[in-house]
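Structure, as structure tokens:
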Amino acid sequence: MPGGSQLSEFEKGQIVAFQSLGKSQRAIAKELKRSRCVVQNYLAKQQRYGKKKRKGRKRKLFKRDERQIGKLASNSSSSVNVIKKDLNLEVSKTTVWRAIQRNPNIVREKMAKAPRLLAHHINARLQFARENMNREWKNVSSSRIKVKRFLMT
């Protein structure tokens, strides 16, 4: 784990110059008032010095896939499995779910449970529709409709 500060561009140039003059790593470190390890590490990996390593596992989904998932998931009630099937993705449903969670523009929630329609509910709705097919709805107040619906259930 690195403890000190990174080498500046000036210090890097000095290290290269001192090495070309034939000085040892220990002498260069003493001249720059840096540790011998930092000089040794810089000389061993000059091209990669100071660059971050990529951490973690490579993602299964490409950015394009994540954008497509975002398109399908936004403003719809499609399940994760349906989204995965529609896009023909070869990943788990958990991976698709994580892609949705990472998208800051989408807020997904579980759908609220709704009571199941029973046979008498369906019949009551059909009867109401048949009775009121020819009615002029502009002339009916909304409170009267609410009372009638309440009585039917």
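Consider the stretch 1-49. How many of its residues are small (Gly, Ala, Ser), surrounded by 11 or more Cβ atoms within 10 Å (Cβ to Cβ) and assigned to a loop (DSSP other than H, G, I, E, B)?
2
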- Note on the structure: Here the residues within the stretch 17-61 that are farther than 30 Å from residue 95 by Cβ, of a type in the set (A, V, I, L, M) and in contact (Cβ under 8 Å) with a residue 12 or more places away in the chain are 28, 32, 38, 39, 43
- Note on the structure: Note on residue 129: of the conditions (1) at pLDDT 85 or above; (2) surrounded by 10 or more Cβ atoms within 10 Å (Cβ to Cβ); (3) not in a loop (DSSP other than H, G, I, E, B); (4) not hydroxyl-bearing (Ser, Thr, Tyr), unmet is (2)
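The values are calculated or read from the model by the stated rules, or taken from the named source; none is laboratory data. These numbers come from a predicted model, not from an experiment. Here Cβ is always computed from backbone atoms with ideal geometry, including for glycine, and neighbour counts include all displayed protein chains.
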